[in-house]
1. Please indicate, with yes or no, whether at least one residue in region 91-114 is over 15 Å from the mean Cα position of the chain (by Cα), buried (at least 17 other Cβ atoms within 10 Å of the Cβ) and in contact (Cβ under 8 Å) with a residue 24 or more places away in the chain.
2. Quickly run through region 136-151 and pick out the residues that are small (Gly, Ala, Ser) and surrounded by 20 or more Cβ atoms within 10 Å (Cβ to Cβ).
3. Residues that are at pLDDT 95 or above and surrounded by 18 or more Cβ atoms within 10 Å (Cβ to Cβ): does region 82-90 have at least one?
4. Away from the ligand (no atom under 11 Å from the Cβ), under 15 Å from the mean Cα position of the chain (by Cα) and closer than 24 Å to ALA152 by Cα: is that true of VAL132 in this structure?
5. Any residue in region 138-161 that is more than 25 Å from ALA46 (Cα to Cα) sitting within a Cβ distance under 6 Å of a residue that is at pLDDT 95 or above and among the basic types (Lys, Arg)? List the pairs, counting only those 6 or more apart or interchain.
6. Of all residues in region 78-90 being within 11 Å of the ligand (Cβ to nearest atom) and touching a residue at least 60 places away in the same chain (Cβ under 8 Å), which is farthest from THR56 (Cα to Cα)?
7. Keeping to region 112-129, report how many residues are within 16 Å of the ligand (Cβ to nearest atom) and not in a loop (DSSP other than H, G, I, E, B).
8. Checking VAL48 against (1) part of a loop (DSSP other than H, G, I, E, B); (2) open to solvent by less than 30 Å² (accessible area, probe 1.4 Å); (3) within 13 Å of the ligand (Cβ to nearest atom); (4) of a type outside the set (Ser, Thr, Tyr), which single condition isn't satisfied?
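The values are calculated or read from the model by the stated rules, or taken from the named source; none is laboratory data. None of these values were measured; they are calculated from a predicted model. Cβ placement follows ideal geometry from the backbone for every residue including glycine, while neighbour counts extend to all protein chains displayed. For accessibility, only protein heavy atoms count, side chains too; no ligands or nucleic acids. Shrake-Rupley method; radii C 1.70, N 1.55, O 1.52, S 1.80 Å.
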Amino acid sequence: MRSLLALSLFFAAAACGAPASPSSAHEVHAAAQLSVHDAWATPTPAGVDVSAGYLTITNGAGRTDHLLSATSPRAANVEVHEMSMDGAVMRMRALGRLPVPAGGDVSLAPGGLHLMFFGVQQPFSEGEDIPVRLVFEHAGAIDVTLPVQRTAPTEHSGHTN
Ligand SMILES: [Cu+2]
C-alpha cells in the first residue's frame, strides 16, 4: 500500500503543475449516445510501471449505462479507481461498475475517479497518445485516445464545469 500511496500523491501533485497548452481531445459516438471528452493520461513516473488516465463520459441516452471495464495495448491491466480521503490517508479502490446516469456525465479527474494503468512496459511520455477501449453495458466498446500531458486539458481553458 505504501507504493500506492506514494503514487496517489504523485498524481495529486501532477494536477497542480504549470498549465499545459489547451488540447481538444474530443470523441463523439452519436450512435451510442455516449461521448467521451477531455481525455488525458499522466506521464509514467520514473521507476514505476503504472500511470493514470482521466476523461469525462457524457450520456445522452435515456437510460443509465455502466462502464464495465477498460483495456489498453499499452498496459497489462487497466482498472477504474476511486480515490478518497480517509482522514489524512488517501485511499484508492477499484470499482467493478461505474454508473453513467441518463442525461448526465461522470468525470474521471485528479483527486477522484481515474483509470489506473498497471504493467506499463513502455512508459507514457508527454505528447503521445494512449489508445484505450472502454466497454459499457449498453453502448458496448468505445475506443478513445488519451494524450499524455502533465495537466488536465480544461484546467485553464475557461470552461465552466
Ligand atoms: Cu488508482
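1. No - not one qualifying residue is present in region 91-114.
2. Correct list: ALA139 only.
3. no
4. Details: away from the ligand (no atom under 11 Å from the Cβ): yes; under 15 Å from the mean Cα position of the chain (by Cα): yes; closer than 24 Å to ALA152 by Cα: yes.
So VAL132 passes the test.
5. If the second residue must be at pLDDT 95 or above and among the basic types (Lys, Arg), the pairs left are ALA141/ARG133; ASP143/ARG133.
6. Among residues in region 78-90 that are within 11 Å of the ligand (Cβ to nearest atom) and touching a residue at least 60 places away in the same chain (Cβ under 8 Å), the one farthest from THR56 (Cα to Cα) is MET90.
7. Initial filter on region 112-129 (within 16 Å of the ligand (Cβ to nearest atom)): 112-120, 124.
In the following step, the residues that additionally are not in a loop (DSSP other than H, G, I, E, B) were identified as 113-118.
Number of matching residues: 6.
8. Every listed condition holds for VAL48 apart from (2).
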